[in-house]
Amino acid sequence: MATDGSNGNGSNNSGTVGNSGGNAGDSGANGGAGTGRKRPKHENTEAELLVSGKKVISVFPRIAAALPKAIDVKTLSGSVTSLETSITDVAEATNARTRAVATKKARRKNLDQYIKRIRSSVKGHFGADSEEYELVGGTPVSKRKKRPRK
């Protein structure tokens, strides 16, 4: 028997109501219905939503008589088309961003290599402990932290 207030199974669950440590009423098979929590609703993906919308458009003539007059196929078609347009726009923007990031990364690498070449040239010409080497961003040998002796 655990005397430290734990339930003895290695977890730090104090047995209060609402914890998911195996309390009574939380069977797990029903998604935690014993805890009073609701399951998150399933959100349709854009593709699923488009397929569903197109399916409703295809069967709309058969069900139109049973629907209120405010619901029409023109509005539904417009909604499906506008979602398709938005999906295409987002995909194009994502691709453009990916290309821009790749271009930025390549330009950054080129600049970094060029600066390293300049530092290396300054170090070779003026020396590793010169003021000029420090001006181009190098750390002179005299200003580097010495390793402590053992």
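Quick look at the values:
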| quantity | calculated |
| --- | --- |
| For the stretch 86-113 and the stretch 116-146, distance of Cα centres in Å | 34 Å |
| Which of TYR133, SER79, ALA64, positive extreme of dipole for the stretch 46-135 (C-beta unit charges) | ALA64 |
| Cα centre as origin, Lys/Arg/Asp/Glu Cβ charges: the stretch 46-135 dipole, Debye | 280 debye |
| Percent RCO, i.e. relative contact order, over the stretch 46-135, from Cα pairs under 8 Å lying at least 6 residues apart | 21 percent |
| Point-to-point label distance, ALA106-LYS143, nm (Cα→Cβ direction, 7 Å offset) | 3.6 nm |
| Proximal lysines relative to LYS145, as straight alpha-carbon distance under 29 Å, when same-chain residues fewer than 8 apart are discounted | LYS109, LYS116, LYS123 |
| Counted charge near PRO140, where neighbours are those whose Cβ lies closer than 9 Å (Asp, Glu -1; Lys, Arg +1) | -1 |
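No value in this document is a laboratory result; all are computed from the given coordinates. Treat the numbers as computed from the prediction; the structure is a model and nothing was measured. A quick note on method: Cβ atoms are made from the backbone with ideal geometry, for glycine too, and the neighbour counts reach across all protein chains shown.
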